[in-house]
Amino acid sequence: MFVSVVLDPGGVDTAQSLASVLAHYGFHKVQRACWESADVGVLQLSQLKREIDRVTNYYDTVRMYQYPVRGMFSITELHRKKWRRCVLKADDAENENGTNTSAENF
């Protein structure tokens with residue numbers, strides 16, 4: 001699965017620890033605070049989350065964008081040492097103009 005990790009560390013030490021963990025798991029830095037990998041397995045992702053939890057503190061925020069997760073897009077966030085997940089499903093319904101109706105609701 002494709003996973004993108006966006007970091008908002010609370011300090012320099014945490015930033016270095018997170019970079020080390022992500023590099024160890026095969027992620028590549030694509031922007032200043034964004035790391036990506038296209039070949040992450042479910043078990044590897046679970047281990048990565050435990051490692052991230054181990055090196056972070058209350059002031060750090062980490063957000064993971066994952067696709068596909070059971071055919072859906074998932075956003076997982078570590079904020080104030082608590083993991084939260086939001087799973088989004090694509091709306092296949094189209095209106096008479098051929099545009100996706102879910103995009104019009106924003």
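The long axis of helix 42-55 is offset from the longest Cα principal axis of the chain by roughly 50 degrees. Calculated accessible area for the chain comes out at 67 Å² per residue, all protein chains present (probe 1.4 Å; ligands, DNA, RNA ignored). Among the trypsin sites (Lys or Arg not before Pro) within the stretch 1-67, those in coil by DSSP and having at most 15 neighbouring Cβ atoms inside 10 Å are 32. Taking amide H positions as modeled 1.01 Å from N, with prolines and chain starts lacking one, no residue 5 or more places away or on another chain lies under 5 Å from residue 26.
Which whole-number percent is the relative contact order of the chain (Cα, under 8 Å, 6+ apart)? So the answer I get is 26 percent. Calculated from the structure, Rg/Rh (Cα atoms, Kirkwood Rh) equals which of (1) 1.07; (2) 1.09; (3) 1.20? Given (1) 1.07; (2) 1.09; (3) 1.20, the calculated one carries the label (1).
With all protein chains in place and a 1.4 Å probe, the accessible surface of the stretch 35-74 carries 54 percent carbon and sulfur. Taking the Cα centre of the chain as reference, the dipole from Cβ charges on Lys and Arg (+1) and Asp and Glu (-1) amounts to some 620 debye. Given R0 = 22 Å, the distance between the Cβ atoms of residue 33 and residue 1 translates into a calculated FRET efficiency of 0.55. For the pair residue 57 and residue 86, the difference between a 0.36 nm per residue extended length and the Cα-Cα distance amounts to 8.3 nm. Between the listed residues 11, 40, 61, the Cα displaced farthest toward the positive end of the dipole of the chain, a dipole computed from Cβ unit charges relative to the Cα centre, is found at 11.
The values are calculated or read from the model by the stated rules, or taken from the named source; none is laboratory data. Keep in mind that this is a model prediction, so the values were computed, not measured. A quick note on method: Cβ atoms are made from the backbone with ideal geometry, for glycine too, and the neighbour counts reach across all protein chains shown. Note: areas computed on protein heavy atoms with side chains; ligands, DNA, RNA excluded. Shrake-Rupley method; radii C 1.70, N 1.55, O 1.52, S 1.80 Å.
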